[in-house]
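Asker: Below: one structure in structure tokens.
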């Protein structure tokens, strides 16, 4: 496995906080879950109407998705399994695969 | 031989370095290679200097890629740019003019330690790899570490954050080396361009405040033409404008530092995409991204030749 399978089950989720309260809750949740924020670069930039792309581990993504569904926060899963995507991209490199 | 080097794939650091040596060796009339210092982990910080050699005074343009380790499309673009510049010198009058009148400094991988780490350990590593003596967290955001409103808005003082600005400005040897080089060359350098991902934006100063820059007209006009050029290739739309209002407020950025040190055309590109793949932009999209970005860079470079 690439990167020793460390991204197995990881997801990238796009979240659209539509109110200041949602943005506030997201900031808190991201801090607690210690997520890897892709966009914006810092949790402090998350405000109402800021598109946030967040990379979460398998366990954290369960917690985050449960919250988003329960609170009806608009969101979309961009990458369902980061490890699978990395490996799929690796497979498309014939030269490296041969190595 | 690297004559069949594949520009449509991402390369690890050792391959990029071999490629730089090869370009230097095989194109002595247009390319020279030098190191401006060492990274935290002791790697050389290589820069390629492109341009027809002459005894007369020439202005210059600086291009850096890979300041943030996980943004792999950046180094891929820098390599593409060098390849295209050399290969089209004799066939493209615009490129001939650029390389005859200017030197172009290209630093394909700014954050060499971080880039290496992103290949071997953590694909999504962003920062440098310096060790903080008091915390267990590694690295500094190389684009928050410059001596320009350092540690102000949009930067973190927490060493574990991805936007950690470092213990002091230019604490990172990579930042210090480039700052020293650019400072020495500041009278020659007309344009600074730094390549990041992802958002599809072309940004110019200021990042640290909302006010307009004094030469807004020239810089905005060049940016406007550059994004039109990008769109002309595959229809991809880029937003453009001051970084503070187009993206968000940040401090200690290389673009602001370059501008405040006298480089009149200073830009940061946020390359493809807008999040469908994010940092995992497939290799199949390297070529279209580089083709359209090449048009923008040539456009800005031509602007930089004019008085503002």
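Taken together, the values in this text are just the output of simple stated rules run on the coordinates, not laboratory data. Everything numeric here is computed off the predicted structure, so don't read it as measured data. All Cβ positions, glycine included, derive from the backbone under ideal geometry; neighbour counts span all protein chains shown.
Asker: I need B:234, B:198, A:30 ordered by Cβ neighbour count within 10 Å, fewest first.
Answerer: Details: B:234 11, B:198 23, A:30 20.
Sorted ascending by nearby Cβ count, the order is B:234, A:30, B:198.
Asker: If you don't mind, another one. For region B:1-127, take every pair of Cα atoms, bin their distances at 5 Å starting from 0, and report each bin as a whole percent.
Answerer: Per 5 Å bin, starting at zero, the Cα-Cα P(r) for region B:1-127 comes out as 2, 11, 21, 23, 19, 12, 7, 3, 1, 0 percent.
Asker: Taking a quarter of the surface of the Cα convex hull of region B:93-150, what do you get in nm²? Kindly include the intermediate steps, with their values, before the conclusion.
Answerer: Working: hull surface 27.5 nm².
One quarter of the hull surface, i.e. the mean projection, equals 6.9 nm².
Asker: Have a look at the protein assembly as shown and give its Rg and Dmax from the Cα atoms, expressed in angstrom.
Answerer: 20.6, 70
Asker: Grab the beta carbon distance between residue A:5 and residue B:306, set R0 = 51 Å, and tell me the FRET efficiency rounded to 0.05.
Answerer: That gives a FRET efficiency of 0.45.
Asker: For chain A, just the Cα set please: Rg and Dmax, both in angstrom.
Answerer: Calculated on Cα positions, Rg and Dmax stand at 15.2, 52 Å.
Asker: Same structure again: Beyond 19 Å, how much of the Cα-Cα pair distribution for region B:115-210 remains, as a whole percent? Show your work: numbers first, answer last.
Answerer: Working: 2276 of 4560 pairs.
Considering region B:115-210, 50 percent of its Cα-Cα pairs are separated by more than 19 Å.
Asker: Nearest 10 degrees, 0 to 90: what angle lies between the long axis of helix A:20-33 and the longest principal axis of chain A (Cα atoms)?
Answerer: Helix A:20-33 sits at roughly 40 degrees to that axis.
Asker: On average, how much area does the Cα convex hull of region A:19-76 cover when viewed from any direction, in nm²?
Answerer: On the way: hull surface 13.9 nm².
Its Cα hull, projected and averaged over all orientations, spans 3.5 nm².
Asker: If you bin every alpha carbon distance in chain B into 10 Å steps from zero, what whole percent lands in each bin?
Answerer: 6, 29, 39, 22, 3, 0
Asker: Return the whole-Å distance between the Cα centroid of region B:187-210 and the Cα centroid of region A:31-71.
Answerer: Measuring centre to centre over Cα atoms gives 27 Å.
Asker: In nm, give the distance between the simple-model label positions of residue B:215 and residue A:18, each being 7 Å from the Cα along the Cα-to-Cβ direction.
Answerer: Using points 7 Å along Cα→Cβ, the separation is 4.6 nm.
Asker: Please determine, in degrees from 0 to 90 and to the nearest 10, the orientation of helix A:82-91 with respect to the longest principal axis defined by the Cα atoms of chain A, where the helix direction is its Cα long axis.
Answerer: 30
Asker: Quick one: order B:174, B:17 by neighbouring beta-carbon count within 10 Å, fewest to most. Working shown, then result.
Answerer: Details: B:174 30, B:17 18.
Arranged by neighbour count, lowest to highest, B:174, B:17 become B:17, B:174.
Asker: For region B:144-185, compute Rg over Rh where Rg is the Cα radius of gyration and Rh is the Kirkwood radius from the inverse mean 1/r over Cα pairs. All intermediate terms of the calculation are to be shown ahead of the outcome.
Answerer: On the way: Rg = 10.7 Å, Rh = 10.6 Å.
Result: Rg/Rh = 1.01.
Asker: Multiply the residue gap between residue B:58 and residue B:187 by 0.36 nm, knock off their C-alpha separation, and tell me the result in nm, one decimal place.
Answerer: On the way: separation 129, 0.36 × 129 = 46.44 nm, distance 1.05 nm.
Separation in residues times 0.36 nm, less the Cα-Cα distance, equals 45.4 nm.
Asker: Continuing with this model, one more query. Roughly what angle does helix A:58-70 make with the longest principal axis of chain A, taking Cα atoms, 0 to 90 degrees, to the nearest 10?
Answerer: The angle comes out at about 40 degrees.
Asker: Still on this structure, I have one more. Just need the relative contact order of chain B here, percent rounded to a whole number, with Cα pairs under 8 Å and 6+ apart.
Answerer: On the way: 656 pairs, mean separation 61.6, N = 308.
Contact order relative to length: 20 percent.
Asker: What order do you get for A:36, B:161 when you list them from fewest to most C-beta neighbours inside 10 Å? If you can, show how the numbers build up before the last one.
Answerer: On the way: A:36 22, B:161 19.
Lowest to highest Cβ neighbour count: B:161, A:36.
Asker: Would you compute, from DSSP H runs of 4+ residues alone, the mean residue ellipticity of chain B at 222 nm, taking -39500 (n - 2.57) per run and dividing by the full residue count, rounded to the nearest 500?
Answerer: Working: 9 runs with 110 residues, N = 308.
The helix contribution divided over chain B gives -11000 deg cm²/dmol.
Asker: What is region B:8-129's relative contact order, in percent, from Cα pairs under 8 angstrom and six or more apart in sequence? Don't skip to the end; give the middle numbers.
Answerer: Details: 208 pairs, mean separation 38.6, N = 122.
After rounding, I find 32 percent.
Asker: Kindly provide the Kirkwood hydrodynamic radius of region B:137-279 in Å, to one decimal, from all pairs of distinct alpha carbon atoms. Don't jump to the answer; show the numbers that get you there.
Answerer: Values: mean 1/r = 0.0642 Å⁻¹.
Over region B:137-279, the inverse of the mean reciprocal pair distance is 15.6 Å.
Asker: Using only alpha carbons, build the gyration tensor for region B:54-133 and give me the equivalent ellipsoid semi-axes, biggest first, whole Å. Each step should come with its number before you reach the end.
Answerer: Numbers: eigenvalues 209, 43, 10 Å².
Equivalent-ellipsoid dimensions as semi-axes: 32, 15, 7 Å.
Asker: Only bridges with both residues in chain B count here: give the DSSP antiparallel percent, nearest 5.
Answerer: On the way: 13 of 37 bridges.
Percentage antiparallel, nearest 5: 35.
Asker: Give the distance, in whole Å, between the Cα centre of region B:216-295 and the Cα centre of region B:129-165.
Answerer: With region B:216-295 and region B:129-165 each reduced to a Cα centre, they are spaced 24 Å.
Asker: With no solvent and one equal point scatterer placed on each C-alpha of region B:197-301, evaluate the Debye formula and give log10 I(q)/I(0) for q = 0.18, 0.21, 0.24 Å⁻¹, two decimals.
Answerer: -0.84, -1.09, -1.30
Asker: Here's something else I'd like to know. Residue B:168 to residue B:120: FRET efficiency via 1/(1 + (r/R0)^6), r the Cβ-Cβ distance, R0 30 Å, to the nearest 0.05? It would help to have the intermediate numbers written out before the result.
Answerer: Working: r = 29 Å, r/R0 = 0.96.
Calculated transfer efficiency: 0.55.
Asker: What FRET efficiency would be calculated for the residue pair residue A:25, residue B:7, taking the C-beta separation as r and a Förster radius of 45 Å, to the nearest 0.05?
Answerer: Values: r = 45 Å, r/R0 = 0.99.
Efficiency computed from Cβ-Cβ geometry: 0.50.
Asker: Tell me, what is the percent relative contact order of chain A, built from C-alpha pairs under 8 Å that lie six or more residues apart?
Answerer: Details: 146 pairs, mean separation 42.4, N = 99.
Relative contact order, chain A: 43 percent.
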